[in-house]
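Comments concern the structure below.
Just so it is clear, none of the values below were taken in a lab; they were calculated from the coordinates. Remember, predicted model here, so these are calculated numbers, not experimental data. When we count neighbours, we look across all protein chains shown, and the Cβ atoms used for this are built from the backbone with ideal geometry, even at glycine.
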Amino acid sequence: MSQNLIKSVENSIRFTNYLIDSVVFMFIVFLHAMILDVGLGIVPEGGFELFPLYLMALYVLYYWFFEEFFQKTPGKFVTKTIVVDKNGQKPSTSKLFIRSLSRIIPLEAFSFFFSNRGWHDVISDTYVIKLEKP
């Protein structure tokens, strides 16, 4: 059996990706809230009960959209990294969806304390590598 030669980038780069993506995601949430409440007036006075589920769905879609269409999120654009499968190719749509869905596992962010591949990487059998070409 051949051993996988793909090496994920270091945790400091992954953390930078996470910080940038968190800021961009919060901006998207803010825009959605403004559109839903001020623009469309469909958010009830006390907020709406399904907001946590809405946020989780938006979070999964954020990562899936960017990684499906660009192979990277805004954070990965900045750090010049991309998501690949074990063969160094673009992961399938299903792997990217599983990767994105895995991010909402409770305490998933802490999986980086034990490895430079988070649970969302291991579950989807994907890697984040440095982009070799511009």
Seminar exercise, completed: Counted residues in the stretch 119-132 being within 18 Å of Met56 (Cα to Cα) and outside any helix (DSSP H, G or I) come to 0
For this session: Could you tell me which residue of the stretch 80-126 is nearest to Trp64 (Cα to Cα), considering only residues that are among the hydrophobic types (A, V, I, L, M, F, W, C), touching a residue at least 40 places away in the same chain (Cβ under 8 Å) and buried (at least 17 other Cβ atoms within 10 Å of the Cβ)?
Result: Leu101
